[in-house]
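Here the structure comes first, spelled out in structure tokens, and everything after it is commentary.
Only the coordinates and a few stated rules stand behind these numbers; no lab work does. This structure is a prediction, so every number in the text was calculated from the model and none was measured. Cβ sites come from the backbone with ideal geometry, for glycine too, and all protein chains shown count toward neighbours.
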Amino acid sequence: MKRRPWRTWLTAYAFLIPSLLVLGAFTFYPVVEAARLSLWRWRILRGDPVFIGLANYETLFSSADFWQAVGNTILFAVGSIPTSMILALFLALLLNRPLRGLAFYRTAYFLPTITSLVAVSVVWMWIYHPDVGLMNQLIGLVGLPPARWLNEPRTAMLSLIILGVWRGLGYNVIIYLGGLQSIPVHLYEAAKIDGANRLQLLRYVTWPLLTPTSFFILIIAVINSFQSFTQVHVMTQGGPIGSTTVIVYYLFQQAFQQFNMGYGSAVAMVLFVVILVLTILQFGFLGKRVHYQ
Amino acid sequence: MTRKLESPFVHLLLLVGAIAMLMPFAWMVSTSLKAQNEVFSYPPQWIPSQLLWSNYAQAWAAAPFGRYFINSGIVALAVTFLDLVTSALAAFAFGRMQFPLRNALFTLYLASMMIPHQMTIIPAFLLLKNFGDISPALGLDSYFALVAPFAASAFGVFMLRQSFMQIPNELEDAAVLDGCGRLGFLVRMVLPLSRPALATLALFAFQANWNSYLWPLIVTNSDQMRTVQIGLRYFVGQEGSSQWGLLMAAAVFVSLPVVVLYLFVQRQFTQGIASTGLKQ
């Protein structure tokens with residue numbers, strides 16, 4: 001209290017400066033700069049930038065390749081998220097009890113999530129091998145004919161979706177377990193006294209009280225899908241014939257293979273807006289969650 | 001009462017799931033120990049007729065993996081250390097000090113967590129390209145380029161601030177009476193008391209950086225600067241689609257550091273994720 005306030009201010013800013021410098025240079029400045037660059041034509045190997053207004057966006061929104069990338073990204077999200085969420089909820093319900101071997105199960109389900117995505121992608125390339133792959137042997141057991149997985153446009157995205165479900169499952173299980181454990185026990189007891197059976201408990205107690213958790217997982221999963229890149233770059237390079245070119249891979253191609261920095265920035269801005277809207281939705285919804293408590 | 005009846009069934013379901021989750025890992029290790037002629041036998045064999053450990057030595061020598069490991073080690077440890085330092089300092093200022101614009105700046109930090117890393121890569125790349133004109137050590141294809149963008153994080157500040165704010169003010173008053181400055185109080189009292197939060201942040205930072213791909217892919221272009229993930233990707237390109245034994249051996253040693261770390265401290269990992277909801 002006896003300290004002079006301006007000395008405190010000075011100390012506070014001294015503490016903040018390292019963090020502010022890094023975030024300023026590599027987060028705040030790039031957002032502004034990406035917005036600016038998106039208004040310029042700048043092929044970095046072919047001379048200086050030229051201001052072209054919104055022309056990059058016009059090209060973008062009339063580009064079949066861009067819409068294919070958007071479509072692929074949505075397909076990836078729609079294909080992997082519901083499956084992953086249903087499986088995760090099911091597993092979390094099974095795990096949410098005193099069990100022997102709980103630590104083992106948790107380790108097994110979570111291991112894919114923390115493992116290097118590059119390493120995991122290489123392993124799945126081998127699993128999807130069209131001639132001697134494990135996957136073809138597995139589906140052969142139920143009588144399905146061998147597929148060409150990553151080598152064919154019809155199945156390439158499906159291959160990435162299966163990998164995506166396998167890799168993201170553990171994360172969703174952990175979050176669902178957290179959600180289940182935050183449901184007060186007395187609600188179950190009250191419902192049981194009212195004569196509810198197990199299915200009714202699930203339908204009328206667990207499921208509604210898990211809505212915020214489900215919504216959280218959904219948004220995070222959509223955001224993650226829109227950011228996926230590594231498995232595409234390692235396994236398919238966006239092919240065959242563009243069937244796995246997702247939006248970040250398209251950005252990468254434009255900016256770092258064609259060196260079209262202005263156009264690439266316009267793609268980045270679209271990505272930014274999509275994720276911003278999703279995040280705002282999430283905050284809006286989580287704000288309502290207080291009603292339940 | 002019904003628990004005893006259903007328990008074997010529950011275990012059966014969980015076990016089937018666990019086997020499905022672990023199968024790719026088992027397949028990776030199995031293939032990594034096979035001779036080339038066994039790799040392509042169909043139907044696939046799970047147990048190699050002899051364990052060919054030399055695949056590991058051969059894969060290690062087929063590309064400069066030693067160099068990649070040193071690079072990844074230096075970069076991941078530097079990022080972890082710097083992220084902890086910058087986040088702790090900023091979190092202390094935001095959580096325990098009064099200064100003008102505090103709320104505005106903190107809102108800016110929170111908002112920045114919504115920014116996808118992928119949208120910042122073009123300007124960040126161009127910025128480092130310009131730094132390179134000042135000195136090559138600050139430009140593309142340098143340790144600086146790999147470390148600097150991750151030397152601070154809004155997430156770290158947010159997470160540590162929560163922990164720092166729980167420390168009672170009386171403790172700070174007493175420390176000040178003892179002639180301990182703010183930095184002394186932070187180092188001697190706050191940090192030791194926040195060890196769990198610091199450990200969780202360190203784990204996340206190390207794991208995320210060891211596994212990171214897009215940024216090192218963009219900013220490195222020499223073998224001297226490549227990290228393990230990029231090295232593994234180039235190794236796949238180099239070995240084509242034939243040397244699967246060697247590729248699996250390389251996949252094993254590239255993923256091993258984080259997997260081992262996880263097996264030792266998995267509680268910290270999963271609790272950290274459950275409490276922060278941090279996405280991968």
Task: Potential extension, A:GLU152-A:VAL132 segment - 0.36 nm per residue separation minus Cα distance - done: 5.6 nm
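Pairs of Cα atoms under 8 Å, at least six residues apart: use those to get the relative contact order of segment A:11-139, whole percent. Walk me through the numbers before you get to the answer.
On the way: 39 pairs, mean separation 10.1, N = 129.
Relative contact order for segment A:11-139 comes out at 8 percent.
Counting Lys +1, Arg +1, Asp -1, Glu -1, what net charge surrounds B:LEU217 among other residues with beta carbon under 10 Å of its beta carbon? Could the numbers behind the result be given before it?
On the way: positive: B:ARG226, B:ARG233; negative: none.
Taking every other residue near B:LEU217 into account, the sum is +2.
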Task: Residue order, fewest to most surrounding Cβ atoms within 10 angstrom, among B:GLU170, A:GLU152 - done: B:GLU170, A:GLU152
Open item on the list: With a 10 Å cut-off between alpha carbons and a GNM built on chain B, which of B:ALA145, B:ALA20, B:ALA59 moves the most?
Closed with: B:ALA20
Open item on the list: With the crude spin-label approximation of a point 7 Å out along Cα→Cβ, what separation in nm comes out for A:ILE241 versus A:ILE74?
Closed with: 2.1
Task: Stretch gain in nm, segment B:ARG67-B:TYR143, where the contour uses 0.36 nm per residue and the Cα spacing is subtracted - done: 26.1 nm
- [ ] Over every pair of different alpha-carbon atoms in chain B, take the mean of 1/r and invert it; report that Kirkwood radius in Å.
- [x] 22.2
TODO: Report the residue, chosen from B:TYR234, B:TYR56, B:TYR42, that carries the largest GNM mean-square fluctuation when chain B is represented by alpha-carbon nodes joined by springs under 10 Å.
DONE: B:TYR42
Task: Relative packing of peptides B:76-83, A:258-265, A:20-27 - highest average C-beta neighbours within 10 Å first - done: A:258-265, B:76-83, A:20-27
TODO: Grab the DSSP H runs of chain B that are 4 residues or longer, score each as -39,500 (n - 2.57), total them, divide by all residues and round the 222 nm result to the nearest 500 deg cm²/dmol.
DONE: -23000 deg cm²/dmol
Open item on the list: Taking 25 °C and 0.890 mPa s as the conditions, I'd like the Stokes-Einstein D for the protein assembly as shown in µm²/s, using the Kirkwood hydrodynamic radius from alpha carbon pairs.
Closed with: 95
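Helix-only mean residue ellipticity at 222 nm, chain A, DSSP H runs n ≥ 4 weighted -39,500 (n - 2.57), per residue, nearest 500. What is it? Provide the component values of the computation, followed by the final result.
Numbers: 14 runs with 197 residues, N = 293.
Helix contribution divided over all residues of chain A: -21500 deg cm²/dmol.
Counting other beta carbons within 10 Å of each Cβ, put A:ILE280, A:ILE219 in order, fewest first. Mind showing how you got there, number by number?
Working: A:ILE280 12, A:ILE219 20.
So the ranking, lowest neighbour count to highest, is A:ILE280, A:ILE219.
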Open item on the list: Looking at chain B as a GNM with Cα springs under 10 Å, which of B:ALA18, B:ALA91, B:ALA208 has the largest mean-square fluctuation?
Closed with: B:ALA18
Task: Net +/- balance of residues flanking B:ALA93 in space, Cβ distance below 11 Å, scoring K and R +1, D and E -1 - done: +4
- [ ] Starting from the Cα of B:SER7, step 7 Å along the direction of its Cβ; do the same at B:SER54; then give the gap between the two resulting points in nm.
- [x] 5.1
Task: Compactness of segment A:1-131 as Cα Rg over 2.2 N^0.38 Å, two decimals - done: 1.80
Open item on the list: Within segment A:86-130, list the residues whose amide N lies under 15 Å from a label point set 7 Å along Cα→Cβ of B:LEU15.
Closed with: A:100-102, A:104-105
TODO: At 0.36 nm per residue, minus the direct Cα-Cα distance, what do B:TYR234 and B:MET113 gain on full extension? Give it in nm, one decimal, please.
DONE: 40.4 nm
Task: Rounded Å value of the spacing that divides the Cα centres of segment B:53-128 and segment A:1-36 - done: 17
Open item on the list: Using only the alpha-carbon atoms of chain A as identical scatterers, what base-10 log of I(q)/I(0) does the Debye formula give at q = 0.09, 0.13, 0.14 Å⁻¹?
Closed with: -0.64, -1.08, -1.15
- [ ] Output the relative contact order of segment B:186-280, whole-number percent, from Cα pairs under 8 angstrom with separation of 6+ residues.
- [x] 28
Task: Relative contact order [Cα under 8 Å, 6+ residues apart], segment B:114-200, whole percent - done: 17
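Test of the criteria: in segment A:41-108, which trypsin sites (Lys or Arg not before Pro) are in a DSSP loop and have at most 11 other Cβ atoms within 10 angstrom of their Cβ?
Details: sites: A:ARG41, A:ARG43, A:ARG46, A:ARG100, A:ARG106; in loops: A:ARG100.
Here the trypsin sites (Lys or Arg not before Pro) that fit, given the DSSP loop and packing criteria, are A:ARG100.
Once you have the Kirkwood Rh of segment A:5-51 from its Cα pairs, apply Stokes-Einstein at 20 °C and 1.002 mPa s and quote D in µm²/s. Don't skip to the end; give the middle numbers.
Details: Rh = 13.2 Å.
The Stokes-Einstein estimate is 162 µm²/s.
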